[in-house]
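Everything below concerns the one structure shown next.
The values are calculated or read from the model by the stated rules, or taken from the named source; none is laboratory data. None of the values given here were measured: they were computed from a predicted structure. Here the Cβ positions follow ideal geometry from the backbone for every residue, glycine too, while neighbour counts run over all protein chains shown. Quick note on the areas: whole protein, heavy atoms, side chains included, nothing else; ligands and nucleic acids left out. Shrake-Rupley method; radii C 1.70, N 1.55, O 1.52, S 1.80 Å.
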Amino acid sequence: MPGSFKTEVIVLRSIRYGEADRILHLYTAERGRVNAIAKGSRRPRSRFGGRLEPFFRLDLMLHEGRSELCTVTGASTVDGYPDLRSDGPALDAAARACDAVLRLLDSVEPNRPAYNLLCRYLALLDEGAGGDLVNRPDLRAVGLAFRLKLALAAGFSPELGSCARCGERDGIVAFSGSSGGVVCGSCEGGGFPLSHEAHEFMVASLARPIAELPEAPDRALRQVERAISETLAHHAHVHLRSVA
Ligand SMILES: [Zn+2]
């Protein structure tokens, strides 16, 4: 039904269109994935200013007509994450996160946990950006924790509590993407070896806030990335770019 609605959004992608317009790929708090056109937004004195760029968190007024694209009729900034924008690695991590949301959450169903997670992750990257190396998050570890939480929010979380094939709780030695989780020594065929540290990191990532990650050696993080990639490839048919 045509009409206007207001929603909070994160701009996932902003594409130049025609003479002076932009097409926006949005993740919204109220309606999941929405695409919109912002007419005249590239004119020098556009009322939208510079805020229709990737990673901006905005309050948008959108008009829904007969077209598949909504039309942006009003925009105000909730958070521009300014420090993130001047930090190359943080910017790259934000781009990979938005790309993962685009691939994994393509539905118009609202998914508030996924929306809140994306906002928290961008805020964390923004806080850690800039010169302060002491408080800087390990971008690879935090990027993997984000992906695991996103997989959970999208309904594709791997089984971590017991063997995904037989239910045995002890003797977990491997991970199988096709089985959808960790597997025990008797069921490991088709899986790849998973260290105790990698298993612990995944369990902790899902149990704790994203800012409170455990440390994990690089080898364990590589196993975690492989576990997430194979789970999403088998069960969501989605292939994500590498995390860092
Ligand atoms: Zn088993």
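Cβ-Cβ contacts under 9 Å between residues 6 or more apart (or on different chains), taken from a first residue in the stretch 154-181 that is closer than 12 Å to residue 229 by Cα to a second residue that is surrounded by fewer than 18 Cβ atoms within 10 Å (Cβ to Cβ) and among the basic types (Lys, Arg), are listed as 175/226; 177/226.
Just so you know, in the stretch 5-27 the residues that are of a type outside the set (A, V, I, L, M, F, W, C) and closer than 13 Å to residue 75 by Cα include one that is surrounded by the fewest Cβ atoms within 10 Å (Cβ to Cβ), and it is 6.
Residue by residue, here is whether (1) surrounded by fewer than 19 Cβ atoms within 10 Å (Cβ to Cβ); (2) touching a helix residue (DSSP H, G or I) at 6+ places or on another chain (Cβ under 8 Å) holds:
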{"site": "190", "(1), (2)": "yes, no"}
{"site": "195", "(1), (2)": "yes, yes"}
{"site": "198", "(1), (2)": "no, yes"}
{"site": "217", "(1), (2)": "yes, yes"}
{"site": "232", "(1), (2)": "no, yes"}
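Mind checking which residues of the stretch 157-173 are surrounded by 22 or more Cβ atoms within 10 Å (Cβ to Cβ) and near the ligand (Cβ under 10 Å from one of its atoms)?
163, 164, 172
Checking every residue in the stretch 66-82 against the condition of being open to solvent by 20 Å² or more (accessible area, probe 1.4 Å), part of a helix (DSSP H, G or I) and farther than 12 Å from residue 9 by Cα gives at least one match.
Considering the conditions (1) in a helix (DSSP H, G or I); (2) within 22 Å of the chain's Cα centre (by Cα), residue 197 is excluded by exactly one of them, (2). Residues of the stretch 118-140 include none that is in contact with a Cys (Cβ under 7 Å, 6 or more places away or on another chain) and closer than 16 Å to residue 226 by Cα.
For residue 37, the test of being surrounded by fewer than 16 Cβ atoms within 10 Å (Cβ to Cβ), among the aliphatic types (A, V, I, L, M) and either part of a loop (DSSP other than H, G, I, E, B) or modelled with pLDDT of 95 or more (or both) is failed. Based on this model, can you work out whether residue 238 counts as closer than 17 Å to residue 98 by Cα and in a loop (DSSP other than H, G, I, E, B)? Considered against the rule, which asks whether it is closer than 17 Å to residue 98 by Cα and in a loop (DSSP other than H, G, I, E, B), residue 238 comes out as yes.
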